[in-house]
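What follows is calculated from the coordinates using simple rules that are stated; it is not laboratory data. Quick caveat, the model's predicted, so the values are computed rather than measured. Neighbour counts are summed over all protein chains in view; Cβ atoms, including those assigned to glycine, are modelled from backbone coordinates with ideal geometry.
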Amino acid sequence: MCHLTPHLTGKCKNSNPEYLVSIQHPVEAEQPNMITNPLILKEEKPHLKSAFKEVISIAKIAVPMILTGLLLYCRSMISMLFLGHLGELALAGGSLAVGFANITGYSILSGLAVGMEPICGQAFGAKKFTLLGLCLQRTILLLLFTSVPISLLWLYMKHILLLCGQDEAIATQAQTYLFYSIPDLFAQSLLHPLRIYLRTQSITLPLTICATLSILFHIPINYLLVSHLKLGITGVALSGLWTNFNLVASLLLYIVFSGTHKRTWGGFSFECFTQWKSLLNLAIPSCISVCLEWWWYEIMILLCGLLINPRATVASMGILIQTTSLLYIFPSSISFSVSTRVGNKLGAQKPSKAKLSAIVGLSCSFMLGVSALVFSMMVRNIWASMFTQDKEIITLTSLVLPIIGLCELGNCPQTTGCGVLRGTARPKVGANINLGCFYLVGMPVAIWLSFFAGFDFQGLWVGLLAAQGSCAVTMLVVLSQTDWDAEALRANKLTATGGTTSVVVDDSKEVCAQKPPPKAEIKEDSLLLADSDEDKQSWV
């Protein structure tokens, strides 16, 4: 309730106390008894202290996400170690299966789940908590429905691989791995939405704790199924499935016993089967954007097989992709954090603070890119020896690592920029940027340098550098032209926080409305409503 001076009989039902409301006398107003001037957000100008506070807020979300990412990275490495222990055939089949699963399954589910991020982030900022619960239900249903055709595809994966000219023994091993990984699609259909549901509420430390517990059990589970029960590649697949269900169960237990669900969960509702348009409009472009980036690396592996020395280049590419996956954890965590902060602030109708979050996040990403470049230069001569003793592979890897470091100078701000676009509910822009930069710039450059200009293996990575560089520049240009006030209005529309009010903004855009009582004696020219305290951020 907005508090007016005693002699005013008019009332303002707007619950957000951060507006400057100008009230005109009914005789002077174009429409009698209407609030005519715009709702203007009263926000203090950003300064160094505000930026420092924003760094802390971003770090509170990002640091646990980094730890979670590192833990999940360790899980995949543990699985690869057990596959390697089974022999060369199992390792080749398992690696092929993981690559196929990423292209046809996990990238799609991950991308579709990202569609709920702007809705939940902005709804939480707007304090429309029940929308988070509804969006969670809709996203889980969407991923479960999507998992059905993916499962059917995985059942016939061997035939597809044989048609592509793969060795039959390797294809058989890959088919076995994927067959027992089919239930993992349904685990992922729960896991991705739950993680986003918590993250958009700035709840990330419990994610790290739950991931830690699941990884601690992952090693004995692998030992039990692979080494003790002698299940071979089947055991590796089942252990990954078991670990993911453990993680889902631990997250559900946290949500229930911590009471996190009380504000956001109104129980299962048939409303989750309706009003899918907003979610699909965000989920499909998000999926395309994620898949375009994931598929690039798989295409790179295929191109390696056409180079002069495919054995060494494919092996080196595997090491380098693992390296980029490790480095990607850091900018992606900042991206998730910035997306949450921007979405929350836009939902709360604080466009200048959303802009500050974007600027601070991008600044941090540039520093992170420099750190990645320094790291890659420092370890260039020793990194590959951690994976192999083949001198040719070590040489190729050491030549390309500096290029990867340069790629991170573009990748870090580009990834963070994608987070800003997600927070502002503009995934189509991100998808168009990824399509244009990766496939219309990077891919032609990579092919020309590798196969026609004589750069061979290095040419592929220079192509990636061209893609990342153009992507970062395009992203910064787009973000620099963002109208943050307009994005706040879009957030208001997306989360339907306007209610039944209707006040004209900028003399043209309608945000909220309200009629004062018919005979109100309005004597004040304007009313300044006090600014509210900054939303408190919590690790949990």
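For Phe145 and Ala496, what is the calculated FRET efficiency with R₀ set at 30 Å and r taken between the beta-carbons, to the nearest 0.05? With R0 = 30 Å, the Cβ-Cβ based efficiency is 0.75. Once the Cα-Cα distance is subtracted from the 0.36 nm per residue extended length, the Ser227 to Ile301 segment shows a gain of 23.6 nm. Computed as a quarter of the hull surface, the mean projected area of the alpha carbon convex hull for the range 237-308 stands at 8.7 nm². Listed by Cβ neighbour count within 10 Å, with the fewest neighbours leading, His47, His261, His85 appear as His47, His85, His261. Exposure proxy shown here: for Lys391, Lys493, the number of other Cβ atoms within 10 Å sets the order, fewest to most, as Lys391, Lys493.
Taken along the Cα-to-beta-carbon direction at a fixed 7 Å, the label points for Leu152 and Val370 span 5.4 nm.
Exposure proxy for Met378, Met300: other Cβ atoms within 10 Å of each Cβ, ordered fewest to most, give Met378, Met300. Legend: calculated FRET efficiency, Phe52 to Phe387, from the Cβ-Cβ distance at R0 = 30 Å, rounded to 0.05, equals 0.15.
Placing a label point 7 Å from the Cα of Glu271 along the Cα-to-Cβ line, the residues of the range 114-129 whose backbone N sits under 20 Å from it are 116-129. For Leu476 and Ile308, the difference between the fully extended length at 0.36 nm per residue and the C-alpha to C-alpha distance is 56.7 nm.
Projecting the alpha carbon convex hull of the range 48-488 along each direction and taking the average yields 20.7 nm². Charge dipole (Cα centre; +1 on Lys/Arg Cβ, -1 on Asp/Glu Cβ; no other charges) of the range 48-488 amounts to roughly 1560 debye. The label point for Phe455 and the one for Asn281, both projected 7 Å from the Cα toward the Cβ, are 4.1 nm apart.
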